[in-house]
Each structure stands twice: as structure tokens, then as C-alpha cells.
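Take a look at the structure set out below.
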Amino acid sequence: MDRDAVLTRFDRQMRQDVRPDGPDARVERSGAVVRRVGAEDDWSAVLWSSLDEATADAEIAEQVRYFSSLGREFEWKLYGYDGPHDLGARLRAAGFVPEPEETLMVAETAGLRTDAEPPPGIRLCPVTDAAGVDLVVQVHETVFGKSHAFLRKQLLDQLAHDPDAVSVVVAMAGELPVCSARMELYAGTDFAGLWGGGTLPAWRGRGIYRALVAHRARIAAARGFRYLQVDASDDSRPILRRIGFVPLTTTTPYVHGA
């Protein structure tokens, strides 16, 4: 993989030219940033910026003013190649709180190993209705320890209005949901994005996460997407490396309260 070429394509398609991903979301280009403005209880973020030492502080202040006027918490997605070099420090000085750093990893669907099957006793169930969404949210809230009401609303909206743009799956052990994940299929781009993948602690280390990656990769390949991308945590990064994902850069969410 030509990492620089793929990162350039990712930057253009997934950060600069990104399209709205929900019926109540909008994407705006304002000055030197591209931002996603979600509904009142939905995720909002600065997705891309082109800043330097002379413009960064004023642009940060403008985005804080804008989202504060809407009463919205928002996230500034900072990538490892974004300028200026001290943008993270400038965000912290403006009241942003960084969350754990992740690694942007990408794989070509054509060369990815997709033969991983779930372990005995685990079945993978596609999610197509509200009952399935509730199972997904149950796993996320157990694993990540916070409310995912926003995710419930997002998934219900997507399944109702644009079901081809999302693929959701939950791993079941009998009647117990033990892992869940989704894939966003970004129309007009080369990329499908893997999200979630949280597994209940007692069920980790059995290959369930890897099986969910393979399941979604097969769907992405069948739908004609060239690449899979994921913001990988420290836990998932070594698993993804073993099955063919390549690290391109880091990404850190900086969060500013309403």
C-alpha cells in the first residue's frame, strides 16, 4: 500500500468532501474548517482544518463561539499531520479535553483476510430493527460505561431513512449479546468505516472481534468499497495489524463542552 497516497485520498474524501450522514445532520465549510453539525443530541465535530500559527487561535475561538451558540458539545478531530504542530496544545488552552489517542488504520478489502468465523457457541446476527439496535446499545453501554442514547437514535434514523449506508451486527451467546459493531458505507468514496466492536470483558480473547471485522469486510468488498478504515484503540490495533490493516497516522478527539 502506498500509505501517503491513501492518506491523501482519505483526507480528501473523508474529511474535506465528506457528505451529511444522517437526515438531521449537515456538513459546513466555514473558513479553514469543515464541520459536522448534528441534531441537538447528536455528535458534532470539526472534521478537517487547514491552519497555521497565525490563524489557529482565531479559528479555534470561532468554532467554540459557533457551537456554544447552538448549545452543543463538539469534538475537534485532530490528526497527526494537522497543522500547526502545536494545535493540540492550543486546543487544550481553549478548554478542550483530549480523549485517548487512536490510530487511523486502513486495509484494502481485496487483500484482507476475511475467513475468520465466530467461535463455537457464538452466532452473528444482522441488525435491522429497533430490537436489534437495543442489543447493540446494551453492549456499548456495558463495555464503555456511559449512555449511548445518541447511538440508538442514529442507528434508528439510518435504518429508517438510509439502510444501505450502514451495516450493523451483534454477536450473540444464546440470548446474551456479547459484542456489537457497525460499518458506515460512505457513498461516493472508496472507504467504508468500522466502528464499535466492543466486547464484554468475559468474552474477550476468543476471536469474536476478529470475526466481526471479517463479516463487515466481506460486505464492504461485495459493495465495491476499496478500503476499510478504523480509528483503532490500543486493544484492537494488534488484532487489525495481524489481519492486514496498516497504520497511517494518529487521531485524537478533543472535546469541548456546550
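In this structure, GLU73 does not qualify as without any contact (Cβ under 8 Å) to a residue 60 or more places away in the chain, surrounded by fewer than 19 Cβ atoms within 10 Å (Cβ to Cβ) and not hydroxyl-bearing (Ser, Thr, Tyr). Of the residues in region 213-225, not one is at negative phi and either touching a Pro at 6+ places or on another chain (Cβ under 6 Å) or not assigned by TED's automatic domain parsing to the domain that holds GLU117 (or both).
Elements of the type helices (runs of 4 or more DSSP H) sitting completely within region 77-174 and holding at least 1 residues that are not assigned by TED's automatic domain parsing to the domain that holds GLY244: these cover 87-93. Any idea how many residues of region 122-176 are modelled with pLDDT under 90 and of a type in the set (Gly, Ala, Ser)? Within region 122-176, residues that are modelled with pLDDT under 90 and of a type in the set (Gly, Ala, Ser) number 3. Within region 213-230, residues that are over 20 Å from ARG3 (Cα atoms) have Cβ atoms under 6 Å from residues that are modelled with pLDDT under 95 and not in a helix (DSSP H, G or I) in these pairs: ALA214/THR114; ALA214/ALA116; ARG218/THR114, counting only partners at least 6 apart in sequence or on another chain.
Candidates ALA110, ALA94, ALA181, ALA130: the one that is surrounded by 21 or more Cβ atoms within 10 Å (Cβ to Cβ) and either of a type in the set (Gly, Ala, Ser) or without any contact (Cβ under 8 Å) to a residue 40 or more places away in the chain (or both) is ALA181.
Among the residues making up region 45-64, those that are surrounded by 14 or more Cβ atoms within 10 Å (Cβ to Cβ) and assigned to a loop (DSSP other than H, G, I, E, B) are LEU51, THR55.
Condition check ((1) within 24 Å of ARG19 (Cβ to Cβ); (2) crowded, with 21+ Cβ neighbours inside 10 Å) across all residues:
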| residue | (1), (2) |
| --- | --- |
| ALA173 | no, no |
| LEU176 | no, no |
| THR199 | no, yes |
| VAL213 | no, yes |
| GLY224 | yes, no |
| SER236 | no, yes |
| ILE239 | no, no |
| THR249 | yes, no |
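When ARG35, ARG12 are screened for being under 22 Å from ALA56 (Cβ atoms), free of Cβ contacts under 8 Å to residues at least 40 places away in the same chain, in contact with an Asp or Glu (Cβ under 6 Å, 6 or more places away or on another chain) and among the charged types (D, E, K, R), only ARG35 passes. With respect to being surrounded by 17 or more Cβ atoms within 10 Å (Cβ to Cβ), under 23 Å from the mean Cα position of the chain (by Cα) and not in a helix (DSSP H, G or I), ASP24 falls outside the description.
The values are calculated or read from the model by the stated rules, or taken from the named source; none is laboratory data. As the structure is a computational prediction, the values presented were derived from the model and not from experiment. Note that we place each Cβ from the backbone using ideal geometry, even for glycine, and neighbour counts take in every protein chain shown.
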